[in-house]
Structure formats: C-alpha cells, structure tokens
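Undergrad: Handing you this structure, nothing more for now.
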Amino acid sequence: MSEKSTNNNNNNNNNNNNNNNHPQRTILGVSVQVFIMGLVSLFTDISSEMIQSILPLFIFSIGGTALILGLISGVTTALSNILKGITGWMSDKVNKRKPFVVAGYAISNLSKPFIGLSPSWEFVLALKSTDRIGKGLRTSSRDALISYYAIERGRSFGFHRAMDTLGAVIGSLLAFIFLLLLWSYSQIIFFSIIPGICAIILILSVKDVDPNQFDETKLRFHGIPKVDKISKNFLKLILILGVIEFASLDIAFLIIRAADYVSLDLIFLIPLFYLLSNIVYTCLSPVNGILSDRIGRKPVILIGLSILLITSIMLACPVNPSLSSLILIIIIFLLYGFYMSAVDPISRAYIADLAGKNKRGRAYGYYYLSVGLISMTESLIFGLIYDQFSYTWAFIYASILLFISMIIFGMTDFSKITKQSEIS
C-alpha cells in the first residue's frame with residue numbers, strides 16, 4: 001500500500017517537473033510559470049490598491065454619497081464573486097485556462113485607470129464593474145494554472161499570495177507618497193495604468209496547459225470525481241456565514257469615516273492607515289490560522305467578530321480632528337486588520353473542513369455566490385442609513401446586526417456537518 005502510494009507521489013512529481021518533456025526551471029523555489037504569475041499579481045495589486053486606498057475619497061469628491069459608495073461597492077463585489085464560480089465552470093468545460101486569465105487581467109488593468117477621468121459616479125460604477133468582471137474571469141483559471149505548474153503546491157500558492165500582498169503594500173504606499181507630493185486623486189488613479197500594463201505584458205508569456213495533460217493530472221491527484229450532495233446542514237452554515245458577511249464592515253466606509261478623524265491637511269495619511277491594516281492582515285493570517293487549528297475555527301471567528309463589534313461601536317461615536325483622534329483611527333485600522341485576518345481566511349478553512357473532500361468546489365461556489373449577493377444588499381442598506389440619518393446610526397445598525405449574527409453563529413452546533421464531512 002505504502003509502496004503504491006510512493007509510486008503515485010513519484011508520478012505526480014514527475015508530471016509537475018516534466019511539463020513539455022523537460023524539468024521545470026525554478027526561481028525562489030517555484031517554477032518559472034508560477035513566478036511570472038506572482039509578478040503579474042504583484043503589478044496588478046500595485047495598480048488596484050493604489051486606487052482602492054483613495055477611491056472612496058475620489059467618489060465623494062465628484063459628488064458621490066455614502067449610498068452611492070455602497071451601491072458601487074456592493075455591485076462590484078457581487079459581480080466578482082458570482083463570476084468566479086461561473087468562469088471556473090466554463091474554463092473546465094472548454095478545458096482552457098490562459099484565455100480566461102489573459103482576458104481577465106487585460107480587462108481589469110486597462111479599465112480601472114480610466115476611473116480617474118470619470119466626471120460622475122455613474123462612470124466610476126461602470127468602470128469599476130468592468131474591473132471586477134475581469135477579476136471574476138481570471139481567478140479560478142489562474143489558480144488552476146498555478147496548481148498545475150506547482151512543484152510544491154503549498155509553496156507555490158504561498159508565494160503567489162505573498163506577491164499579491166506585497167503589491168497591496170506597495171500600491172498603498174505609492175498612493176500615500178503621491179498625495180504627499182500633492183497629486184490629485186485623478187492623477188494617482190490614472191498613473192495605475194503603468195503597473196497594469198506591466199502585468200498584461202507578463203501574463204502573455206505564461207503557457208497554457210495541454211488540456212489532455214491537465215485531465216490526466218486531475219485524475220492522478222484526485223481520482224474519478226464522486227458526486228456528493230450538499231447537505232441541508234452545510235447550506236445552513238453557508239447561510240450563517242452569509243449573515244456574518246451581511247453584518248461586516250466594508251473597507252470603503254472605514255476610509256470615508258477616517259476623513260472625519262484627521263484634518264484636511266493630513267488627508268494624505270489615509271492610504272497609510274490602509275497600508276497598516278493590510279500589514280496586520282498579512283502578518284496575523286497565518287498566526288490565526290495556526291490558532292484555529294489548535295482551538296477550533298469557531299472561537300477564532302468569534303474573536304474576530306468581537307473585534308469588529310468594538311470597532312463599529314468606536315466608529316459610531318462623534319469625534320473632532322485632533323492628535324488623539326489621529327491615534328484612535330490608527331488603532332481602528334489595526335483592529336480592522338486583525339478582524340480580517342481572523343474571519344476572512346478562517347471562514348474559508350471552515351468551509352473546507354465541513355464540506356467534505358468531494359464537494360469543496362461546489363461548496364466554495366455556493367459560498368462566493370451567497371457572499372456576492374448578500375454583500376450588495378449590506379452595502380446599500382448601510383450607505384442608505386449613513387446618508388439619510390448619520391454615520392452614528394449606520395454603525396449602530398451594523399453593531400446590532402453583528403451582535404445578533406454572533407449569537408446565532410455561536411449557538412449553532414456544526415458537529416453533524418463535521419461528522420458527515422469525515423465520512424465523505
């Protein structure tokens with residue numbers, strides 16, 4: 001038994017190391033193809049996060065409101081998440097990955113810089129939606145390519161994630177520097193076309209996978225797929241995680257609220273706050289992942305939600321710009337980064353735990369679909385309350401909803417789902 005397993009592992013390694021009938025060259029311990037895709041994500045995230053860190057401020061500067069911000073954030077997030085599942089299925093159907101990846105990166109990186117030239121929020125909505133359509137097109141197919149070209153899958157996906165995060169840090173830092181140099185929001189956003197074009201040029205050099213080889217690889221790694229039904233209990237988990245998503249706080253509203261904590265001459269610091277949040281998220285995600293392996297997923301998620309609850313209550317309180325408010329908003333962004341590190345990756349791990357190995361693809365499809373649909377409604381309602389009443393009522397509403405969802409999540413027994421997934 002162990003000898004057969006060893007032979008299978010050797011075959012898998014040979015397949016990974018012998019694409020196109022010769023050993024793969026490596027850079028920093030990953031194959032050249034994975035390294036290139038890492039660079040593509042680096043440049044794309046430099047472009048994206050340069051925009052994201054100031055986009056809410058830009059939308060307000062051209063006449064947008066909190067409701068409009070919620071509409072843009074909700075619609076674009078929904079588009080991206082819904083398309084991830086659809087295009088993943090489509091790429092499997094036609095058995096090609098590169099066309100989806102190239103089209104996705106090209107659409108995103110060529111559309112979003114023109115947001116800076118938008119005369120009104122309607123143009124921002126159209127261009128941001130186009131950008132998210134590109135993300136939805138590429139994500140599933142890109143991950144499939146990485147899994148094929150990976151010599152060691154954990155190392156390859158870890159490298160890709162690290163490059164993605166590095167791009168986010170550099171993008172936020174560039175936005176901060178450009179604001180410090182008195183660049184306008186429009187100039188910064190349009191400048192993002194430069195790293196975007198670098199990403200498009202790089203992705204063109206990535207090789208697609210021979211469809212026949214990809215099918216053989218999938219069969220060797222996973223065997224003939226077994227069709228399992230998604231249980232009602234698992235759908236209940238998806239629903240509860242969806243409620244948690246409904247009670248979450250969009251980073252766009254945190255960025256807008258941050259403008260109340262600093263004076264106008266210090267507005268350039270906001271991308272720096274966003275940068276700090278990303279750093280905390282990056283550093284603590286593996287720590288919280290290890291902690292969730294030891295004490296369980298649910299306690300870690302509840303800790304993260306408790307931090308978000310405290311953050312929402314703090315944001316509901318009136319404040320005048322001062323040194324103390326500056327320190328306070330920095331703390332709030334740090335807490336938000338911790339919340340994201342405890343809830344975002346751990347929720348995905350929880351789904352993998354409870355879904356069972358033969359239905360994870362569909363489980364994630366359901367999850368992304370629910371998140372996409374729910375996030376749109378959540379952003380719209382929050383923005384409407386923010387506009388029609390005040391930020392105080394908006395954050396109180398979010399706090400109450402979050403508290404209720406925490407109770408439901410904490411009291412729900414997922415042991416039946418766990419037993420079913422162990423059998424699956």
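Undergrad: Ordering Ile256, Ile82, Ile201 by how much accessible area each has at a 1.4 Å probe, largest first, what is the list?
TA: Result, largest first: Ile201, Ile82, Ile256.
Undergrad: Further question: Please list 164-173, 39-48 highest first by mean number of surrounding beta-carbon atoms within 10 Å per residue.
TA: Ranked from most to least packed, the peptides come out as 39-48, 164-173.
Undergrad: I would also like to ask the following. Per-residue accessible area for Phe268 at 1.4 Å probe radius, Å² rounded to 10?
TA: Accessible surface of Phe268 is approximately 40 Å².
Undergrad: What does the extension gain come out to for Leu117 and Met411, with contour length at 0.36 nm per residue minus their alpha carbon separation?
TA: 100.9 nm
Undergrad: Report the accessible area of Val287, computed with a 1.4 Å probe over the heavy atoms of all protein chains in place, in Å² rounded to the nearest 10.
TA: Answer for Val287: close to 80 Å² accessible.
Undergrad: While we're on this one: Assign one of three labels to segment 275-316, namely rounded, prolate or oblate, based on the Cα gyration tensor with a ≥ b ≥ c the square roots of its eigenvalues; rounded applies when a/c is under 1.5, prolate when it is not and a/b is larger than b/c, and oblate otherwise.
TA: It comes out oblate by the Cα gyration axes.
Undergrad: Here is a follow-up. For segment 32-83, taking Cα atoms only, what is the radius of gyration to one decimal and the Dmax to the nearest whole Å?
TA: Rg then Dmax for segment 32-83, in Å: 14.7, 46.
Undergrad: What does the charge count near Thr282 come to, summing +1 for each Lys or Arg and -1 for each Asp or Glu among other residues with Cβ under 14 Å from its Cβ?
TA: Summing Lys/Arg as +1 and Asp/Glu as -1 gives -3.
Undergrad: A further question follows. What net charge do the residues around Asn109 carry, taking every other residue with its C-beta under 15 Å from that of Asn109, with Lys and Arg at +1 and Asp and Glu at -1?
TA: That sum, taken over residues with Cβ under 15 Å, equals +2.
The values are calculated or read from the model by the stated rules, or taken from the named source; none is laboratory data. Values in this document were obtained by computation on a predicted structure and should not be read as measured data. Reconstructed Cβ throughout: ideal geometry from the backbone, glycine too, with neighbour counts over all protein chains shown. For accessibility, only protein heavy atoms count, side chains too; no ligands or nucleic acids. Shrake-Rupley method; radii C 1.70, N 1.55, O 1.52, S 1.80 Å.
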